[in-house]
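Note sheet for the following structure.
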Amino acid sequence: MEEALKIQSLFIYPIKSCRGISVPQATVTTTGFQWDRYWLVVNYKGRAYTQRVEPKLALVESELPKEAFLEDWEPTKNSFLVVRAPGMSPLKIPMTKPNSVAEGVSMWEWSGSAFDEGEEAAKWFTDYLGKQSRLVRFNKETETRPSPPEFAAGYSTTFADMFPFLVASQASLDHLNTLLPEPVPMNRFRPNILVDNCEPFGEDLWDEIKINDLVFQGVRLCSRCKVPTVNQETGVPGATEPTETLMKFRSDSVLMPDKKPRGKVFFGKEMVWNWNLTNSEGKGKKTIKVGDTISVLRKIPSRAEAAA
């Protein structure tokens, strides 16, 4: 008998483009996991820095209080996000609401206001990156950052790229690693939910999955930028792998031969939590844990029909 699909790991990335945290459980909200991509490093114009242009961000580690991953936890004045990086003293960011607001923060297509984490954080990231920087926090009370409506109308996220959740399977990575000159770890692909007991790239076809009482909707295949070529242990971009190998069997021209090729390459499936289908108090928070079983409720017939 086939083994049930299970959550192998859960990852939260408190600061956009910085190192993730592997957590035993995570609280699901309409914009993604609680604390996932709540913070963002920006330049002097308020524009987002990511590993695409600042690969050194890969070495910035975040630590949250262990209880931050419990469902109804609220920060106190003794709760801190602790940020570390090579050659830098630890930076402690209070997790209570900041007083200061930064206007004109922008990331990709979105611009709005965000909380400003103050001068000490600004100096820390300025010193680390060697260029003027500030640390801001998403303000869920006043701001909404919609996901692209052609794929996920009515959904929004914080500072994640486009969609609230990225799901990938261990089998997909294992298969890719059989083809690469040197294997790569999963942290190159930065998923939120890592699935075990799946067939390689089985997640491509998931249109609807259920974890506990929560139904997640598959939105589109995740097209990858150059971040997977950045070694997450050293912060150094590689030349072409794993993208070059993925192009041979995971490009749009291979998976969707009937569509106009745009040179995209795919790994993982982007998803939203369909809170309309949750059998409980609607939009309330919910927790999922490592080891939880995943049921596939609905599949799309083929990769050629997947949104991308």
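The values are calculated or read from the model by the stated rules, or taken from the named source; none is laboratory data. Note that the structure is a prediction, hence the values are computed from the model and not measured. Neighbour counts run over all protein chains shown; Cβ positions are idealised from the backbone, glycine included. These accessible areas exclude ligands, DNA and RNA; they are computed on the full protein's heavy atoms, side chains included. Shrake-Rupley method; radii C 1.70, N 1.55, O 1.52, S 1.80 Å.
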* Structure fact -> Scanning the range 31-57 for residues that are buried (at least 18 other Cβ atoms within 10 Å of the Cβ), β-branched (Val, Ile, Thr) and over 17 Å from the mean Cα position of the chain (by Cα) gives Val42
* Asked: Which condition number in (1) among the basic types (Lys, Arg); (2) open to solvent by less than 20 Å² (accessible area, probe 1.4 Å); (3) touching a Gly at 6+ places or on another chain (Cβ under 8 Å) is the one that Lys16 fails?
  -> (3)
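So that you can scan it fast, the table gives a plain yes or no per residue for (1) assigned by the TED database to the domain that holds Leu246; (2) assigned to a loop (DSSP other than H, G, I, E, B); (3) within 19 Å of Ala307 (Cα to Cα):
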residue: Phe151; (1), (2), (3): no, no, yes
residue: Met162; (1), (2), (3): yes, yes, yes
residue: Ala168; (1), (2), (3): yes, no, yes
residue: Leu173; (1), (2), (3): yes, no, no
residue: Leu176; (1), (2), (3): yes, no, no
residue: Pro181; (1), (2), (3): yes, yes, no
* Of the residues that sit in the range 183-194 and are open to solvent by 20 Å² or more (accessible area, probe 1.4 Å) and not in a helix (DSSP H, G or I), which one is farthest from Val219 (Cα to Cα)? -> Pro183
* Could you please tell me which pairs satisfy a Cβ distance under 9 Å, a separation of 6+ or placement on different chains, a first residue in the range 225-249 that is assigned by the TED database to the domain that holds Val53 and closer than 19 Å to Arg303 by Cβ, and a second residue that is among the hydroxyl-bearing types (Ser, Thr, Tyr) and surrounded by 15 or more Cβ atoms within 10 Å (Cβ to Cβ)? => none
* To do: Please work out if Asn212 is open to solvent by 30 Å² or more (accessible area, probe 1.4 Å) and closer than 18 Å to Ser9 by Cβ.
  => yes
* Asked: Any residue in the range 222-230 that is open to solvent by 60 Å² or more (accessible area, probe 1.4 Å), at pLDDT below 95, more than 20 Å from Gln51 (Cβ to Cβ) and not in a helix (DSSP H, G or I)?
  -> no
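Here's the yes/no breakdown for (1) free of Cβ contacts under 8 Å to residues at least 60 places away in the same chain; (2) out of contact with any strand residue (DSSP E or B) (no Cβ under 7 Å at 6 or more places or on another chain); (3) open to solvent by 10 Å² or more (accessible area, probe 1.4 Å); (4) assigned by the TED database to the domain that holds Asn276:
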{"site": "Glu3", "(1), (2), (3), (4)": "no, yes, yes, no"}
{"site": "Lys6", "(1), (2), (3), (4)": "no, no, yes, no"}
{"site": "Ile21", "(1), (2), (3), (4)": "yes, no, yes, no"}
{"site": "Thr27", "(1), (2), (3), (4)": "no, no, no, no"}
{"site": "Leu59", "(1), (2), (3), (4)": "no, yes, yes, no"}
{"site": "Pro65", "(1), (2), (3), (4)": "yes, yes, yes, no"}
* **Filtered residue count, the range 29-55, keeping only those that are in contact with a helix residue (DSSP H, G or I) (Cβ under 7 Å, 6 or more places away or on another chain) and either without any contact (Cβ under 8 Å) to a residue 12 or more places away in the chain or farther than 22 Å from Arg224 by Cβ (or both)** => 2
